[in-house]
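These notes are about the structure you will find just below.
The values are calculated or read from the model by the stated rules, or taken from the named source; none is laboratory data. This structure is a prediction, so every number in the text was calculated from the model and none was measured. With ideal geometry, Cβ positions are generated from the backbone for all residues, glycine too; neighbour counts draw on all protein chains shown. Accessible surface is based on the protein model in full, side chains and every heavy atom, while ligands, DNA and RNA are left aside. Shrake-Rupley method; radii C 1.70, N 1.55, O 1.52, S 1.80 Å.
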Amino acid sequence: MRSRRTLTRPRPGTRAAALLCLAALVWIGALGAGALPPLGPLVDPIRGAWGLARSADLPGRWEAALPGLGAAVRVVYDERAVPHIFAANEADGWRALGYVTARDRLFQLDLQARAGGGTLTGLLGARALPLDRESRGLGMARAAERLVASLPDTGDTRASLEAYAAGVNAYLDHMPAWELPLEYRLLGRRPARWSPVRTLAVLLQMNYTLSRNSTELDYLRAAAAVGDQAAAALFPLHWPIQEPVQPSRGEPRRLPLVVPPPAAPDTSAGAFLAFLPSRPHGPRGSTDADLGSNNWAVAPWRTLGHAALLAGDPHLDLTLPSIWYEAHLVVPGVVDVYGVTIPGLPAIVIGFNRDVAWTFTNSEADLMDYWAEVVDDSLRPTHYRLDGVWVPLECRIETYRSPRGDTLAVDTLRFTHRGPMRRAGTRWLSLRWTALESAGETAGFHRAARASSAHEWLDAMGAYQSPPQNMLVADRAGSIALRTTGRFPIRPGGGRGDRMHDGTSRAADWTGDWPVAEYPQSLGPAQGFLASANQEPVDPREQSRYLGADWPAPWRALRINQLLRGDSAVTPETMRRWQTDSRSARADWYVPYFLRAAAAAVAALPDTALGHAATLLARWDRRYDPESDGPVLFEAAMRAASEELWDELPPGITPSGAAFVALLDDPSNRWWDNRRTPAVERRDDILARSLKDGYLTTIREYGPPELLGWGWSRVHRIDIWHLLRVPSLSARRIAVSGGPSTISPSSVTGGGEGASWRMVVELGKEVRAWGTYPGGQSGNPVSRRYDDRITEWTRGRLSPLRFPRAAAEVPAASVLLLRRAP
């Protein structure tokens, strides 16, 4: 089968720039992970890298024949390269989505599936072996196979997975030589064919990113240094500042949190810890400088246009190409849904239809528990002890192969009835993780896309399991709702999941799951708005059952709710502006403590450096704007305070910000005393010294502040890396507003996390929407659609999203006709 195309010739300037870029890539060998392949194939004018310029732009009109297609499908690309898919049935729509996603994002599809399935070595060689061992060791490859095998033959999930796979594979069969992605040419490899198992691998990789945790191990490391009681307070069940997902009495509330002073090490924790991997050494992280997602919705009676508004702002790893792919699917009379999908999934994950809009933030609930097992052989166990009986372990041989098929390594994995095991010296741990037991998430997205009200949408997503999400939804009737949704295990006796369990008894196993009715949630709140920012879902005084521990700081939630409470005439433009709001609730909380400590210290003993530091900090408006010098000083002071405060802990361990907040109200607590000095310090001693140290450190690094070297944009930049971290294919050193724990958060040193998709939807008589992400629709670095949205994203702007009812309404930049194969 062949496809028929009418090619649009790239502009001469585009072609010239592309050739220069590719020539540079060939010569610099920027992968940094082994030798490049021979140059001959790369410079072949048709099959080599030069041929990529030929596919840089979408063809004006093209056709392809797809096996299994029920009827012809028309795909119309708009001026932003978004495919609008018009199909006769949903299965055909998923085939078409698989086809167009493969055309634009083939290497990304393959890489994500390999990451989740533990087969990166087959593409990247031995350097990827540790990553493959990690994912397979967690049971992800086994789970993907078992979950697909468990799907009913006639169910929606299997049908969509198979249709999507057929679409991807049809593109592979049609792909001309010049469209082979650059990455395969640089690696000397070919793409693998798609299957439903690979889609499950992509889902599991997302779970790996969003739902794995190691709170039990962090607690053990801390307990081995400062004792059980102190460690428990350093990673507490609840934050002392409550601004939960489920609204609670209108205003933020305080909870008591007592942090016991450091005590004698817990020897049992130390003995267990000796066999676990150590944390990397290095500077201790700044306290509670979290990076995460946001969403909020406003009821019509609080908006200027008297229509519900919804904003979505998920924060994830930023890559080129982007983690998201924008698309629109229309099946007349069945579904009309627009939004973003993750390449590899037959679903619109975040988006809107003609009546409803929805978005997510991650819920940091605890879905992963560990059990300490007793085995018959500490080196090569074959049985584990359970209720007084030796039970056989399930063994699975995992073979890791090179791109040429050579065996790189062989592992024997072992599984209890709970899940995969890992060795900790002479001890063995087993793991249970909800992600390994759920395959039906795409069906939930399909049902939700057909919903006509917020209530119907929530019902459609009721069976959703993993990764857990704070699901926000609004509809044209004016309803807004928010629910923390996922599979939340119930531990025996109301117990916790952030401690190691006894593996020798089934009595320690999970006893069930939370019913949907008990999930943290709010429908039609009296306050007229809802918001989530990864914070604790519910005030523990209203729901005490264990849901998780060591929650992210509530700073972003505090700021979002502050903005929402202060505006009763919200507009779409207001929502867009808030997405890049740079004011820091975290700085609002901590700065007064630093200033009071500095004032007391200078009054007792004049100190020029400390006085200058306090003056600079006092005049800061607590916004992380590009030209501001306050953020640089504040973050330096916070890092210094963290090093002083937590000096009893091993390197690499930074306790929850909740403990720091609690200690601010306990000025004589022994934690404030730095054991490395002869004096006995109190809170204000440490804070004043940290502010001065931060000031002097910043001068050493950037010069005196009057030389204007402290501007946030000079110090703080972000990187959007290519998937293989090729520098010349990445967007580096981008200046943005925002910083740690602001609504648009990013780390002090930049890094590669941020707003992966910004969306605002107005649900009026007609649905209107705006959105963008940092990247472009194409995965081809030569294409102008590879990174054309980054400037817009950097400036906090959003593009109007075309939402046509018919193909004829789209100003077509390209048209693809998919027809039934003979």
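Here are the numbers for this structure:
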item: The range 514-537: number of residues that are out of contact with any strand residue (DSSP E or B) (no Cβ under 8 Å at 6 or more places or on another chain) and either part of a loop (DSSP other than H, G, I, E, B) or surrounded by 24 or more Cβ atoms within 10 Å (Cβ to Cβ) (or both); result: 4
item: Hey, Arg483 within 22 Å of Val538 (Cβ to Cβ) and charged (D, E, K, R) or not; result: yes
item: Pairs with Cβ under 6 Å, 6+ apart, first in the range 50-67 and under 29 Å from Pro822 (Cα atoms) and open to solvent by 10 Å² or more (accessible area, probe 1.4 Å), second of a type in the set (A, V, I, L, M) and at pLDDT 90 or above; result: Arg61/Val815; Glu63/Leu817
item: Which numbered condition Asp567 fails, given (1) part of a loop (DSSP other than H, G, I, E, B); (2) without any contact (Cβ under 8 Å) to a residue 60 or more places away in the chain; result: (2)
item: Yes/no for Leu111 being farther than 13 Å from Gly167 by Cβ, part of a helix (DSSP H, G or I), open to solvent by 20 Å² or more (accessible area, probe 1.4 Å) and in contact with a Phe, Trp or Tyr (Cβ under 8 Å, 6 or more places away or on another chain); result: no
item: Residue in the range 538-553 that is among the aromatic types (Phe, Trp, Tyr), at pLDDT 95 or above and surrounded by fewer than 20 Cβ atoms within 10 Å (Cβ to Cβ) present; result: no
item: Answer from Leu605, Leu616 - the residue that is under 17 Å from Ile686 (Cβ atoms) and out of contact with any Ser or Thr (no Cβ under 6 Å at 6 or more places or on another chain); result: Leu605
item: All positions within the range 629-647 that are touching a helix residue (DSSP H, G or I) at 6+ places or on another chain (Cβ under 6 Å) and open to solvent by 30 Å² or more (accessible area, probe 1.4 Å); result: Asp629
item: Strands (runs of 3 or more DSSP E) completely within the range 357-418 that count 2 or more residues being surrounded by fewer than 21 Cβ atoms within 10 Å (Cβ to Cβ) and at pLDDT 95 or above; result: 383-386, 389-392, 394-401, 407-415
item: First in the range 261-276 and within 12 Å of Ala225 (Cβ to Cβ) and aliphatic (A, V, I, L, M), second anywhere and assigned to a loop (DSSP other than H, G, I, E, B) and modelled with pLDDT of 80 or more, Cβ under 8 Å, 6 or more apart; result: Ala263/Gly227; Ala264/Gly227
item: Selection count, the range 200-234, where residues are aromatic (Phe, Trp, Tyr) and surrounded by 21 or more Cβ atoms within 10 Å (Cβ to Cβ); result: 1
item: Search result, residues across the range 216-227 that are farther than 17 Å from Tyr370 by Cβ and either of a type outside the set (Gly, Ala, Ser) or modelled with pLDDT under 90 (or both); result: Val226
item: Qualifying positions in the range 613-634 - assigned to a helix (DSSP H, G or I) and over 22 Å from Val602 (Cβ atoms); result: Pro631
item: Leading residue by the ranking (nearest to Ser744 (Cα to Cα)) among those in the range 795-813 that are aliphatic (A, V, I, L, M) and in contact (Cβ under 8 Å) with a residue 60 or more places away in the chain; result: Leu798
item: Test: residue in the range 109-118 that is at pLDDT 95 or above and more than 32 Å from the chain's Cα centre (by Cα); result: no
item: All strands (runs of 3 or more DSSP E) inside the range 703-755 with 3 or more residues being of a type in the set (A, V, I, L, M, F, W, C); result: 718-722
item: Any hit, the range 583-599, residues being over 24 Å from Val661 (Cα atoms), open to solvent by 10 Å² or more (accessible area, probe 1.4 Å) and in contact (Cβ under 8 Å) with a residue 40 or more places away in the chain; result: no
item: Residue, most open to solvent (accessible area, probe 1.4 Å), within the range 249-297, restricted to residues that are closer than 27 Å to Ala308 by Cα and modelled with pLDDT under 85; result: Arg249
item: Where a residue in the range 532-561 is within 11 Å of Gln242 (Cβ to Cβ) and its partner, wherever it lies, is open to solvent by 10 Å² or more (accessible area, probe 1.4 Å) and in a helix (DSSP H, G or I), with Cβ under 6 Å and at least six apart; result: Leu558/Ala585
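Residue by residue, here is whether (1) open to solvent by less than 50 Å² (accessible area, probe 1.4 Å); (2) assigned to a strand (DSSP E or B); (3) within 26 Å of Ala149 (Cβ to Cβ); (4) at pLDDT below 95 holds:
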residue	(1), (2), (3), (4)
Ser430	yes, yes, yes, no
Leu436	yes, no, yes, no
Thr442	yes, no, yes, yes
Ser452	no, no, no, no
Trp457	yes, no, no, no
Met471	yes, yes, no, no
Arg496	no, no, no, yes
